[in-house]
Amino acid sequence: MGRQVEDLNRRLLRARDAMDRAYAEPLDVRSLAAVAHLSEAHFIRSFRAVFGETPHRYLQRRRVERSMFLLRETERSVTDICLDVGFTSLGTFSRTFRETVGEAPSGYRRGHGPMVAPNCFQLAATRPW
């Protein structure tokens, strides 16, 4: 692997880490590209090539993963969870959740109670992909 490729990967990892830390905050491509020190278009193309999905899709998936945990482990309303994980619209949240997980958030909650297993097993079992 060349030095340029390593540098690009490091920059992209920095941006992905920023998304993981601040998934619930409003994030846009411009600010994420700035974290990676890349233009917006180059950032999107490179991110997709390295991670297999666009930055927007990655962020949505992280938000859905977090909402899956909150739906299983808390009694908070679906609307509160939607807003807590960074979605601004309940409709968008429900549609994205259904596309990713295969069922509506309320249906997921009914069918999946709190997990009693080691964390590594929980992570593997709840990965929506």
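Yes or no: segment 34-50 includes at least one residue that is at pLDDT 95 or above, outside any helix (DSSP H, G or I), of a type in the set (A, V, I, L, M) and not assigned by TED's automatic domain parsing to the domain that holds Arg11.
no
For segment 105-125, what are the residues that are at pLDDT below 95 and within 19 Å of Arg76 (Cα to Cα)?
Within segment 105-125, Ser106, Gly107, Tyr108, Arg109, Arg110, Gly111, His112, Gly113, Pro114, Met115 qualify.
Under 8 Å between Cβ atoms, which residue pairs at least 6 apart in sequence (or on different chains) link something in segment 26-48 that is among the polar types (S, T, N, Q) with a partner that is modelled with pLDDT of 95 or more and not in a helix (DSSP H, G or I)?
Ser46/Leu38
Is it true that some residue in segment 13-21 is touching a Leu at 6+ places or on another chain (Cβ under 9 Å), within 18 Å of Arg95 (Cα to Cα) and part of a helix (DSSP H, G or I)?
no
The values are calculated or read from the model by the stated rules, or taken from the named source; none is laboratory data. This structure is a prediction, so every number in the text was calculated from the model and none was measured. No Cβ is skipped: glycine too gets one built from the backbone with ideal geometry, and neighbour counts run over all protein chains shown.
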